[in-house]
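Novice: This structure is in structure tokens; I'll ask about it shortly.
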Amino acid sequence: GERLKDNVEELAGTFGSDTLILPCDVTKDEDSARVFSEVGAKFGKLNLLLHSVAFAPKDALEGEFVNTSREAFRVAHDVSAYSLVALARAAEPLMTDGGSILAMSYYGAEKVVPHYNVMGVAKAALEASTRYLAYDLGTKKIRVNCISAGPVNTLAARGIAGFQEMLKHYEAHAPLKRNVLPEELGATGTFLASDGAAAITGQVIYVDSGYQIMGM
């Protein structure tokens, strides 16, 4: 949307002036079709798709999960999980030489994280979708994986109640005694998109300073 357009253009500018910037509402199949049509027209093929989009109504990230409304549940799963399926379907015809599809998840898909609520359930659906997509697309040499990141201080994350306390908790309890850095997530994504990860698909890779291994 317009609110974040300047930030996106500034970031895209670091990749060069010919970077293609297109709006896409992932809840609308016609938007996805238009985007991939324009990508195909400009570049001919696609090597990498990064799915890094999630949303749930703010009131669904507060209070108790049992009070999640039907509409909030639908929206969270449509935007945060089904969109991976829709985008993968649209991207697949452009991945003529194989490719890599990456999605961003979080530990709340596996364990209860207070206030994460319906987003945790949506991320669980995202991770399951990753496995099924990896099976479907494997014969076309398209790999599908998830990065389960530790908490990162982003605009979206700050919308979760108690996020600052979450950062402190991870730093205190993760084996590395620190939080993950954005560039470390980027490095993992680069690896998963590279030939070095040619035999890795359908996996959830935890990049969280080791927090996921801890029992208490």
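Novice: Under 8 Å between Cβ atoms, at least 6 apart or on separate chains: pull out the pairs that start in the stretch 170-184 with a residue that is closer than 19 Å to Val113 by Cβ and among the aromatic types (Phe, Trp, Tyr) and end on any residue that is assigned to a helix (DSSP H, G or I) and open to solvent by less than 60 Å² (accessible area, probe 1.4 Å).
Specialist: Partner pairs satisfying both residue conditions: Tyr170/Tyr211.
Novice: Select from the stretch 132-160 the residues that are at pLDDT below 95, under 30 Å from Asn47 (Cα atoms) and open to solvent by 20 Å² or more (accessible area, probe 1.4 Å) and list them in ascending order.
Specialist: Val152, Asn153, Thr154, Leu155, Ala156
Novice: Also, quick follow-up: May I ask you to say which residue of Asn145, Asn153 is over 27 Å from Ala86 (Cα atoms) and among the polar types (S, T, N, Q)? I'd like the intermediate steps shown before the answer.
Specialist: Working: Asn145 fails: over 27 Å from Ala86 (Cα atoms).
Unique residue meeting the criteria: Asn153.
Novice: So how many residues does the stretch 49-60 have that are surrounded by 19 or more Cβ atoms within 10 Å (Cβ to Cβ) and part of a helix (DSSP H, G or I)? Write out each step before concluding.
Specialist: Step one: filter the stretch 49-60 for residues surrounded by 19 or more Cβ atoms within 10 Å (Cβ to Cβ), giving 49, 51, 54, 56, 60.
Then drop every residue that is not part of a helix (DSSP H, G or I), which leaves 60.
Result for the stretch 49-60: 1.
Novice: At least 2 residues that are touching a helix residue (DSSP H, G or I) at 6+ places or on another chain (Cβ under 9 Å) and without any contact (Cβ under 8 Å) to a residue 12 or more places away in the chain in each: list the helices (runs of 4 or more DSSP H) lying fully within the stretch 65-147 that qualify. Working first, answer last.
Specialist: Values: elements: 70-77, 83-91, 118-137.
Correct list: 118-137.
Novice: Condition check: modelled with pLDDT of 95 or more and within 28 Å of Val113 (Cα to Cα). Does Arg74 satisfy that?
Specialist: Working: modelled with pLDDT of 95 or more: yes; within 28 Å of Val113 (Cα to Cα): yes.
Yes.
Novice: Let me ask something else about it. Out of (1) at positive phi; (2) open to solvent by less than 40 Å² (accessible area, probe 1.4 Å), what's the single condition that is false for His115?
Specialist: (2)
Novice: Of the residues that make up the stretch 202-216, is at least one in contact (Cβ under 8 Å) with a residue 24 or more places away in the chain, aromatic (Phe, Trp, Tyr) and in a strand (DSSP E or B)?
Specialist: First, the residues of the stretch 202-216 that are in contact (Cβ under 8 Å) with a residue 24 or more places away in the chain: 202-214.
Within this subset, residues satisfying the condition of being aromatic (Phe, Trp, Tyr) are 206, 211.
Cutting the leftovers down to in a strand (DSSP E or B) gives us 206.
The answer is yes, given that some residue of the stretch 202-216 is in contact (Cβ under 8 Å) with a residue 24 or more places away in the chain, aromatic (Phe, Trp, Tyr) and in a strand (DSSP E or B).
Novice: Does the stretch 161-176 contain at least one residue that is open to solvent by less than 80 Å² (accessible area, probe 1.4 Å), modelled with pLDDT under 95 and in a loop (DSSP other than H, G, I, E, B)?
Specialist: There is at least one residue in the stretch 161-176 that is open to solvent by less than 80 Å² (accessible area, probe 1.4 Å), modelled with pLDDT under 95 and in a loop (DSSP other than H, G, I, E, B).
Novice: In addition: Give me a count of the residues in the stretch 25-48 that are touching a Phe, Trp or Tyr at 6+ places or on another chain (Cβ under 9 Å) and either open to solvent by less than 60 Å² (accessible area, probe 1.4 Å) or over 22 Å from Asn145 (Cα atoms) (or both).
Specialist: As a first pass, look at the stretch 25-48 and keep what is touching a Phe, Trp or Tyr at 6+ places or on another chain (Cβ under 9 Å): 26-27, 46.
Going one step further and asking which of them are either open to solvent by less than 60 Å² (accessible area, probe 1.4 Å) or over 22 Å from Asn145 (Cα atoms) (or both), we end up with 26, 46.
Residues that pass the stated criteria total 2.
Novice: Can you give me the number of residues within the stretch 162-197 that are hydrophobic (A, V, I, L, M, F, W, C) and more than 20 Å from the chain's Cα centre (by Cα)?
Specialist: Narrowing the stretch 162-197 to residues hydrophobic (A, V, I, L, M, F, W, C): 163, 166-167, 172, 174, 176, 180-181, 185, 187, 191-193, 197.
Still in the running and more than 20 Å from the chain's Cα centre (by Cα): 172, 174, 176.
So the count comes out to 3.
Novice: Return a yes/no flag: does the stretch 19-37 have any residue that is touching a Ser or Thr at 6+ places or on another chain (Cβ under 8 Å) and within 16 Å of Ala122 (Cβ to Cβ).
Specialist: Checking the stretch 19-37: at least one residue is touching a Ser or Thr at 6+ places or on another chain (Cβ under 8 Å) and within 16 Å of Ala122 (Cβ to Cβ).
Novice: On the given criteria, is Tyr116 under 18 Å from the mean Cα position of the chain (by Cα), farther than 29 Å from Asp195 by Cβ and not acidic (Asp, Glu)? Before the answer, list the steps.
Specialist: Details: under 18 Å from the mean Cα position of the chain (by Cα): yes; farther than 29 Å from Asp195 by Cβ: yes; not acidic (Asp, Glu): yes.
Yes; evaluated as a whole, the condition is true for this residue.
The values are calculated or read from the model by the stated rules, or taken from the named source; none is laboratory data. Because the structure is predicted, anything quoted here is derived from the model rather than measured. Please note: Cβ atoms are built from the backbone with ideal geometry, for glycine as well, and neighbour counts cover all protein chains shown. Side chains are part of the model used for accessible areas, which takes the heavy atoms of the whole protein and leaves out ligands, DNA and RNA. Shrake-Rupley method; radii C 1.70, N 1.55, O 1.52, S 1.80 Å.
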